[in-house]
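Some notes on the structure that comes next.
The values are calculated or read from the model by the stated rules, or taken from the named source; none is laboratory data. A quick note: this is a predicted structure, and the numbers were derived from the prediction, not measured. A quick note on method: Cβ atoms are made from the backbone with ideal geometry, for glycine too, and the neighbour counts reach across all protein chains shown. Please note that ligands, DNA and RNA were not included when accessible areas were found on the heavy atoms of the full protein model with its side chains. Shrake-Rupley method; radii C 1.70, N 1.55, O 1.52, S 1.80 Å.
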Amino acid sequence: MFWRSLFLQASWNPRGMQNLGFAYAMGPALDELYPDRAVRAKAAERHLEFFNCQPYMAAAILGGAARVEERVAAGEAEAADVSQFKSTLGPPFAALGDGFFWLALRPAAALVAAETAPYVGLWSVLVFLGLYNVVHVSARVWMFLSGYKRAEGIVESLSHMHYASGTPLLKACGAALAGAMAARAVLSAAFGPHPETAPAFGALIVAAFFFLPKLGVTRSVYIGLLCGLALGARFL
Amino acid sequence: MHALLHTLWLAGIAALTGGVAAVERKGAFQLMLSRPIVLAPVMGLLLGDAQGGLLLGVPLELLFLGGVNLGGNLPDNETLLTAALTAMVIPAGLAAGTGVDGPLAALGLALLFPLALFGRRLERASELRNSQLVEEAMRRVREGDPSATALSLRGLLLPFGATAGICAAAVLIAPLLGWARLQCPAPVVVALGGAWHAVAAVAGACAIRAIRDPRGPLFAGIAVVAMLAFAALTMRSAS
């Protein structure tokens, strides 16, 4: 089941989002719990309902859903309890996971790697993958196992993981590293063959920072390329 | 004949690497192997110039640092751009004998950057195809076939195939980029070097924007001032 959970978003779609991926991941558990094919198909059908969560955090819900399915198969819970479990935990877990993994850990790890690239070369790739995946993979495995062990109790387990408190710290580190990367762009011009262009590159960074939300990345890159061409040709 | 076979071999490698990365980006694993800072050096290594790949990967990573796939929101497809750019620029650098340098990278980026937007359309098309897969899976499950949920994996085919094809095409037209690089007169080469430097500057700004925290610009500003002050002090003590 855990292996299949790694393909949760293989068929992401606008209507059911991760529904088919979730149903596919539940397959091994349903195979074991419902030997009768027709009952198993009925169980698979209830996992084809809408589901969306941050893909790593969904591991906890998958584990928990397998536990609740066990109760349903044993007659200790209703089939509707599985749906309720998924729909209750999906949105808050998504918010927690998006904030921590996508908006804090990934930028911070990438910036550390980018910062170290001139000094360690290709090892920076391993710096990034190591920093990110040590946290990501261990969290994913732990959440899947905890979800299976504790089902609804996973909420309490997650509250001890300090995701919410770690996010601002990682973002602060990421912001400082991003500033250092921007400063490096100016310094490399200052120590390059045309040091007189350094202030212009500094101005470009400031302008790009302020106009990015309006222009978007694509237009900013093309404007940057044109400004750089002009600077490189010393037309300015 | 040997050169043609070698080019086809490189196209195959680029297609496979790009295709796997496209699948890994969203559909499977998400170990961040498809991020520019990983994909470009790895593909560069496979195509013969890992350092060249790293030169491309770092600014691309910073440019797309803020792109996040939240719910139905689709960011620009950094993986398609990185894969195609690396597949084109590395062989072009080797063919031109210059290796991957700023001017060649700037030329390639100016040419291929729209792929980031095209990749978003491709992803939307893939999602619509996935909707059909879900419909089919639902129908079969309702008819009593629980194994129909395995149709989910077919959703990986379109991103794999499309990205693989684009990467193979990028390798095949790489010699043209290498030729264009060699035709550039010296002043143009200098200007293109400036353009690549400007991309690094824009990437720095994008990186600061990517930190979605109200205190982000403050921390970034402190870091900028500290770096510049340190550099100024170092220069003064050296002189």
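Before moving on, here are some points about what is shown:
- About the centre of its Cα atoms, the protein assembly as shown shows a dipole size close to 660 debye [charges on the beta carbon of Lys, Arg (+1) and Asp, Glu (-1) only; nearest 20 debye].
- Axis of helix B:114-142 versus longest Cα principal axis of chain B: the two differ by about 20°, to the nearest ten degrees.
- For the listed peptides B:85-97, A:202-214, a ranking on the average number of other beta carbons within 10 Å per residue, highest first, reads B:85-97, A:202-214.
- Candidate aspartates and glutamates - alpha carbon under 20 Å from A:LYS42, same-chain residues fewer than 8 apart omitted: A:ASP31, A:GLU32, A:GLU69, A:GLU70, A:GLU76, A:GLU78, A:ASP81, B:GLU135, B:GLU136, B:GLU143, B:ASP145
- Shielding by other protein chains, B:135-148, mean Cβ within 10 Å: 6
- Of the GluC sites (Glu not before Pro) in the range A:17-89, the ones in a loop by DSSP (not H, G, I, E or B) with at most 11 other beta carbons within 10 Å are A:GLU76.
- The mean count of C-beta atoms from other chains within 10 Å of the C-beta of residues in A:116-123, rounded to a whole number, is 3.
- Rounded accessible area of A:TRP3 (nearest 10 Å², 1.4 Å probe): 150
- In summary, the lysines within cross-link reach of A:LYS214, defined as a Cα separation below 25 angstrom excluding same-chain residues under 8 places away, comprise A:LYS171.
- Positive-end ranking of B:GLY193, B:GLY178, B:LEU109 along the dipole of the range B:106-211, with charges on Cβ about the Cα centre, is headed by B:GLY193.
- Averaged over the residues of B:112-119, the number of partner chain Cβ atoms lying within 10 Å of the residue Cβ comes to 2.
- Pairs of Cα atoms nearer than 8 Å and 6+ residues apart set the relative contact order; for the range B:104-193 it is 41 percent.
- Positive minus negative residues near A:VAL68 (Lys, Arg vs Asp, Glu; Cβ under 12 Å): -1
- Peptides ranked, highest mean first, by Cβ atoms within 10 Å: ranges B:53-59, B:216-222, B:42-48: B:53-59, B:42-48, B:216-222
- When the Cα positions of A:GLN18, A:ALA189, A:PHE93 are compared along the charge dipole of the protein assembly as shown, A:ALA189 comes out farthest toward the positive end, with charges on each C-beta of Lys, Arg, Asp and Glu.
- Angle of helix A:163-190 to the longest C-alpha principal axis of chain A, folded into 0 to 90 degrees and rounded to 10: 20°.
- Degrees between helix B:102-112 axis and first principal axis of chain B (Cα, 0 to 90, nearest 10): 30
- Label-to-label distance, A:PHE211 versus B:ALA229, with points set 7 angstrom from Cα along the beta-carbon direction: 3.1 nm.
- Label-to-label distance, nm, for residues given as B:ALA186 and A:SER87 (7 Å Cα→Cβ offset): 7.3
- Value at 222 nm in deg cm²/dmol, rounded to 500, when DSSP H runs of n ≥ 4 in chain A each add -39,500 (n - 2.57): -25000 deg cm²/dmol
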